[in-house]
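**Q** The structure's right below; bear with me while I get my questions together.
The values are calculated or read from the model by the stated rules, or taken from the named source; none is laboratory data. All values reported here derive from a predicted model rather than from experimental measurement. All Cβ positions, even for glycine, are placed from backbone atoms using ideal geometry, and neighbour counts span all protein chains on display. Accessible surface areas use protein heavy atoms only, side chains included; no ligands, DNA or RNA. Shrake-Rupley method; radii C 1.70, N 1.55, O 1.52, S 1.80 Å.
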Amino acid sequence: TGTIEAARLPSASDTASGISELATAAETTTGTDGTRAVTPDGLAGSDFGKDVIIVEVIADATAVATGDGKAYIPMPAKHDGWNIVAVQAHVGAAVSSSGAVTVDIARCAAVATGIRCSGAVDVLSTNITIDANEDGTETAATAAVIDTANDDAVTGGWWRIDVDGAGTGTQGLYLIITLQKP
């Protein structure tokens, strides 16, 4: 019939030609299988298709205060079309003694007027929250939710970091944004 049964074909290895199974994104992430082949899609969907941006929003010894535009992050050409897939935040020198620290991210387009964040849209449908007496989002009662309609990076655009809740006595604020190639 012109078809060779798979059982009759030799398996491929890093030293021999043959057939191989394609690795999933999860198998690519673990990196422990020497017999499967990696596809571009599997690589993009794995941890190796991710990049992390860390930004100091407010310096350690500085009180956290509410307001838009506490930090701005230009979107590099490398990340054009990439999606935000995870966000985390941490406070620096002092945690809030009462009340949560809440952070939002706005995606802004570059505009001819030179105003970098006119026409902004929120990236998060549920803001990043650091609960009182905690230093990060790992144990937050409310997890941030990324709005997948607004999560993509665009060359020449900006992300604006907005603080919507400062807590009491909080000092320093850091943000971690994880991007993934679609």
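**Q** With Cα Rg over 2.2 N^0.38 Å in mind, check (i) 1.06; (ii) 1.00; (iii) 1.37 and report the label derived from this structure.
**A** Checking each listed value against the structure points to (iii).
**Q** Also, I was wondering about something else. Rounded to whole Hz and in sequence order, give me ³J(HN,Hα) for segment 53-67 from the Karplus expression 6.51 cos²θ - 1.76 cosθ + 1.60, θ = phi - 60°, writing x for Gly and Pro.
**A** Karplus-based 3J(HN,Hα) across segment 53-67 equals 10, 10, 9, 7, 7, 9, 4, 3, 8, 9, 5, 7, 10, 6, x Hz.
**Q** Could you run the Karplus curve 6.51 cos²θ - 1.76 cosθ + 1.60 with θ = phi - 60° over segment 43-52 and give me ³J(HN,Hα) per residue in whole Hz, x for Gly and Pro?
**A** 5, 4, x, 8, 5, 6, x, 10, 9, 10
**Q** Sort out for me the Cα centre separation of segment 1-43 from segment 59-101, rounded to whole Å.
**A** Between the Cα centre of segment 1-43 and that of segment 59-101, the gap is 42 Å.
**Q** Follow-up. Roughly how big is segment 1-122's charge dipole about its Cα centre, with Cβ charges of +1 (Lys, Arg) and -1 (Asp, Glu), in debye to the nearest 20?
**A** Here segment 1-122 has a charge dipole of around 260 debye.
**Q** Once a ≥ b ≥ c are taken as the square roots of the eigenvalues of the Cα gyration tensor of segment 15-55, is the result rounded (a/c under 1.5), prolate (a/b larger than b/c) or oblate (a/b not larger than b/c)?
**A** Judged from the Cα gyration tensor, segment 15-55 comes out prolate (a/c at least 1.5, a/b above b/c).
**Q** Under 14 Å Cα-Cα from LYS181, which aspartates and glutamates qualify once same-chain neighbours fewer than 8 residues away are excluded?
**A** Qualifying aspartates and glutamates at Cα under 14 Å: ASP41, ASP47, ASP51, ASP80, ASP151, ASP152.
**Q** Also, quick follow-up: Which of the three applies to segment 83-150, rounded, prolate or oblate, going by the alpha-carbon gyration tensor with a ≥ b ≥ c and a/c under 1.5 meaning rounded?
**A** Verdict is prolate for segment 83-150.
**Q** Percent relative contact order of the chain, based on C-alpha pairs within less than 8 angstrom and at least six residues apart?
**A** 33 percent
**Q** Quick check: at a probe of 1.4 Å, how many percent of the accessible area of segment 1-119 sits on carbon and sulfur atoms?
**A** C and S atoms contribute 54 percent here.
**Q** I would also like to ask the following. Apply the Karplus curve 6.51 cos²θ - 1.76 cosθ + 1.60, θ = phi - 60°, to the phi angles in segment 144-156 and return the couplings in whole Hz, x for Gly and Pro.
**A** 5, 10, 8, 7, 5, 7, 10, 8, 8, 8, 9, 3, x
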